[in-house]
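The structure appears below as structure tokens.
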Amino acid sequence: MDYKKRPLHKCKKMSFDHNISDHNGTLWFHDCTLVLQLDRDWRRIALFLLYLFLFMVGLIENCLVVWVNWRRRHSASGVLFCVINISLSDLMVVFTMPFFMLETAMDAVWVWGHFLCKVTHLIYVINFYSSSFFLAFMTLERYLTITRPTTPACFPLQPRHRRWLLCAGVWLLSLVLGLLENVHVNLLEWHEPGCYMMPELHYIEWYVSVSFFCLIFQFLGPASVIITCNILIARVVRASPDVPTRRDLWLLHVYSLVFVACWLPYHLVMFLMIVDDLNPDLMSCNTIDILYFSLGVVQCISLFHCIANPILYNFLSKNFRANLINDILSRISSPPFSSVPNAADGVGRSLQKERKLSNASTSHSEIGS
């Protein structure tokens, strides 16, 4: 389980130098000679350092985003409301990284016990889905704001219960999809304890089904919404006489490109693993070895969304940067007795900004500020 996100090594240890048998005595691999010699020690060190980098940067970025935006959650526009949920989702993924960093360093040995094996995987998978869902809703919300201002918003301020019901529905759907995987996550003992995802019966059918749900709900569905809405927004903005800069048009395509770049390699590798499950004789031992070797790499690439999302949808915004600086300065320099009136003035200014930003800004980062 290189980082244990998804079907974890498909429950197969990549040891081609000897046969491995499951609990029914069925051989998973036959002896075969590997032509390519892949340096797994260097990969393990590189992945550990990358996960450490992602953890440190992602923790700082997402904590700052949540800190600045949380006080505005009740009066936030639909786009900003989605941004807050995206940051919370990414932050929870970041909190699970230390467990998997150690697992990566120890070559898939899990030392945290059965309970944390299931809990950490469930937390990851829930946010694996929720982050993509809220990204899609944010892009749709922005499309409606710019191109169809009279259309009801997905996350309206009034009635407020509709916003919270839809938000709860997104998290509930993510929980259900996560439980489909997590029900078969267990701590298994071979040579060393490992946290694996392994159903006792109908492994191939179950694995293919879960991977299919993952491909549709986490990647293809959200990617279709994000790319389509950004293209339509770009057309409207390009035809508008008051386009601020070409940078805004360029950013629209960057948003789509970053999402695809983070997740396409991962889903491509997972798709090839499904093909291998359905037709074990189609690929050679070397090809399968490369697939499993690259799984940890593409999983690491997918995690870059935890540091890319705060930059794209928050730190590129002048308003967010101004709010961040003001909040930091107010924490450092404001005397306690003057904090109440200053806070009241800040809320009034923030509400005025949000009303202006919700009208027709052209970039995600400005609307989300």
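Which whole-number percent gives the relative contact order of region 39-328, counting Cα pairs below 8 Å spaced six or more residues apart?
That works out to 23 percent.
Between Phe315 and Ser209, the contour length at 0.36 nm per residue exceeds the alpha carbon distance by 34.3 nm. Our summary gives region 253-309 a relative contact order of 56 percent, counting only alpha carbon pairs under 8 angstrom and 6 or more residues apart.
The reciprocal of the average 1/r between distinct C-alpha atoms defines the Kirkwood hydrodynamic radius, which for region 39-328 equals 20.6 Å. When peptides 253-261, 57-65 are sorted by average Cβ neighbour count within 10 Å, with the highest value leading, the order is 57-65, 253-261. For region 39-328, which whole-number percentage of the solvent-accessible area (1.4 Å probe, protein heavy atoms only) is attributable to carbon and sulfur atoms? Carbon and sulfur: 73 percent of the exposed surface of region 39-328.
Each peptide among 275-281, 176-182, 76-82 gets the average number of other Cβ atoms lying within 10 Å of its residues, and from highest to lowest they stand as 76-82, 176-182, 275-281.
Counting heavy atoms of the protein chains only and a 1.4 Å probe, report the per residue accessible area for region 39-328 as a whole number of Å².
45
When ranked by the protection proxy of mean other Cβ atoms within 10 Å per residue, highest first, what sequence do the peptides 204-212, 120-128 form?
Output ranking for 204-212, 120-128: 120-128, 204-212.
Largest first, what is the accessible-area ranking of His202, His305 with a 1.4 Å probe?
In descending accessible area the options line up as His202, His305.
The values are calculated or read from the model by the stated rules, or taken from the named source; none is laboratory data. Model, not experiment: these values are computed from the prediction. Don't worry about glycine lacking a Cβ; one is built from the backbone with ideal geometry, like all the others, and counts go over all protein chains shown. Calculation scope for accessible area: heavy atoms of the full protein, side chains included, ligands and nucleic acids excluded. Shrake-Rupley method; radii C 1.70, N 1.55, O 1.52, S 1.80 Å.
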